[in-house]
Amino acid sequence: MDTTGFTLRTRLEDGAHGKLTGAPLGRTGVIHTPHGDIETPAFIPVGTKATVKAVLPESVAELGAQAVLANAYHLYLQPGSDIIDEAGGLSTFMNWRGPTYTDSGGFQVLSLGSGFKKVLSEEFSGKGKNDLDVAPSKERLANVDDDGVWFRSHLDGSVHRFTPEISMKIQHELGADIMFAFDELTTLLNSRGYQEEALERTRRWAERCLAAHRELTAEREGKPFQQLFGVIQGAQYEDLRRQAARDLGAMEIDGQRFDGFGIGGALEKENLGTIVGWVSEELPEDRARHLLGISEPDDFFAAVEAGADTFDCVNPSRVARNAAIYSPDGRFNVTRQQFKRDFGRLVPGCKCYTCTHFSRAYLHHAFKAKEMISSTLATIHNEYYTVHLVAGIRRAMEEGTYTEFKKETLGRFYAGNWGRVDSGILG
């Protein structure tokens, strides 16, 4: 068996959703890396700064995570990719023995450049915005040109330059099993003209990333092989999404091609499955597809049906630090008064460390007392819930029970409890 690459295992049954024009798009498979295999579909927890916040790496493994994604931009600033390289790479540095992903820094073009939040919300609801607008009371910290991006550090204000070549060098030094090409992220409110301009810039950057990746791989002979994923942009436009997928799917520079693909950019939640489907129909079937930045149950089902293989998002750990707990019956806040004397499990039936050892009353107390263990325990549970939800989708696909599993899961989760109302998703 190959030590790297993607193996297609099974297809979603014809009776399920996710079939646009040809064969069903949903599939299960295996991504092979030097640090181990990833069975797909799979959720990849985010460890932005070489740590899943508040949780030991051993706990991340015990809750069922197969891989972890870290942020190239943040690790470049602190402690420095050269230090991680000297330590033996990201896995060794953070004591995580499984596969690792690193993003390219392209997301920061938007999140730092315009000062908006990581999720599209009311801040983007106004009409008539300019392509270079920034959020109220924010300062632009990134500026894009055809060659790359100038960043001003959010830590100390120092100025830095990212280009495709620099992003590749940083990610090679970080040593992740899977890296992403440097791209420009746009929003749903950027004009059609700017979307086209940014997409062409991302295409040219993708060519430069492939060339740099080939050179760096040769220079760093003896290091574990690193896969490079191209990133498909194009926002809500079908022709741009399909063109980007065709361009990057066929792209080859001096014999170097992309090992897989990231599906990024701004996605309208209600059109997520459709947009991922456009991309999946154009991309080669023998390479993995990673959808950047989703974590809600309905989004997973829509994306899997449309052909996505892996996902990442900071949301399970982020909301955990604010006492928000995922359960099969929806999400709830454990600091509500009703849980003060509730000595039952945090989520009945859950087998994670938190739920088998602690009550709702204890979590309620820990958050109210501002004890650090509150974030640890809530994060373990939320990551466990999310990882096992996607694992359950994979198992149902392989057992031929997907339709029933989807109906039961979504019926319980959204039955009068809560629903996400964001206008879009970013990745």
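The values are calculated or read from the model by the stated rules, or taken from the named source; none is laboratory data. Remember, it's a predicted structure, so these values are computed and weren't measured experimentally. Cβ placement follows ideal geometry from the backbone for every residue including glycine, while neighbour counts extend to all protein chains displayed. Accessible surface is based on the protein model in full, side chains and every heavy atom, while ligands, DNA and RNA are left aside. Shrake-Rupley method; radii C 1.70, N 1.55, O 1.52, S 1.80 Å.
Of L210, L240, all but one fail to be at negative phi, surrounded by 16 or more Cβ atoms within 10 Å (Cβ to Cβ) and in contact with a strand residue (DSSP E or B) (Cβ under 7 Å, 6 or more places away or on another chain); the exception is L210. Check off (1) under 23 Å from S158 (Cβ atoms); (2) touching a helix residue (DSSP H, G or I) at 6+ places or on another chain (Cβ under 7 Å); (3) of a type in the set (F, W, Y) for W96 and give me the number that stays unchecked. With respect to (1) under 23 Å from S158 (Cβ atoms); (2) touching a helix residue (DSSP H, G or I) at 6+ places or on another chain (Cβ under 7 Å); (3) of a type in the set (F, W, Y), W96 is out only on (1).
The strands (runs of 3 or more DSSP E) found wholly in the range 289-340 and carrying at least 1 residues that are out of contact with any helix residue (DSSP H, G or I) (no Cβ under 8 Å at 6 or more places or on another chain) and open to solvent by 40 Å² or more (accessible area, probe 1.4 Å) occupy 330-333.
Residues of the range 264-288 that are surrounded by 20 or more Cβ atoms within 10 Å (Cβ to Cβ) and assigned to a loop (DSSP other than H, G, I, E, B): G264, G265, A266, L283, R287. For the range 211-239, a residue qualifies if it is among the aromatic types (F, W, Y) and part of a loop (DSSP other than H, G, I, E, B), and the qualifying residues are F225, Y237.
No other residue among G277, G260, G307 is within 24 Å of L189 (Cβ to Cβ) and not aromatic (F, W, Y) apart from G277.
Among all residues of the range 183-191, there is at least one that is open to solvent by less than 50 Å² (accessible area, probe 1.4 Å), part of a loop (DSSP other than H, G, I, E, B), within 16 Å of G260 (Cβ to Cβ) and touching a Lys or Arg at 6+ places or on another chain (Cβ under 9 Å). The residues of the range 164-182 that are part of a loop (DSSP other than H, G, I, E, B) and open to solvent by less than 10 Å² (accessible area, probe 1.4 Å), listed by number, are A176, D177, A181, F182. Of the residues making up the range 243-263, those that are in contact (Cβ under 8 Å) with a residue 40 or more places away in the chain, surrounded by fewer than 24 Cβ atoms within 10 Å (Cβ to Cβ) and assigned to a helix (DSSP H, G or I) number 2.
Could you please let me know if N333 is without any contact (Cβ under 8 Å) to a residue 60 or more places away in the chain, in contact with a strand residue (DSSP E or B) (Cβ under 7 Å, 6 or more places away or on another chain) and within 30 Å of H364 (Cα to Cα)? Yes. Among the residues of the range 54-76, the ones that are small (G, A, S) and crowded, with 19+ Cβ neighbours inside 10 Å come to 5 in all.
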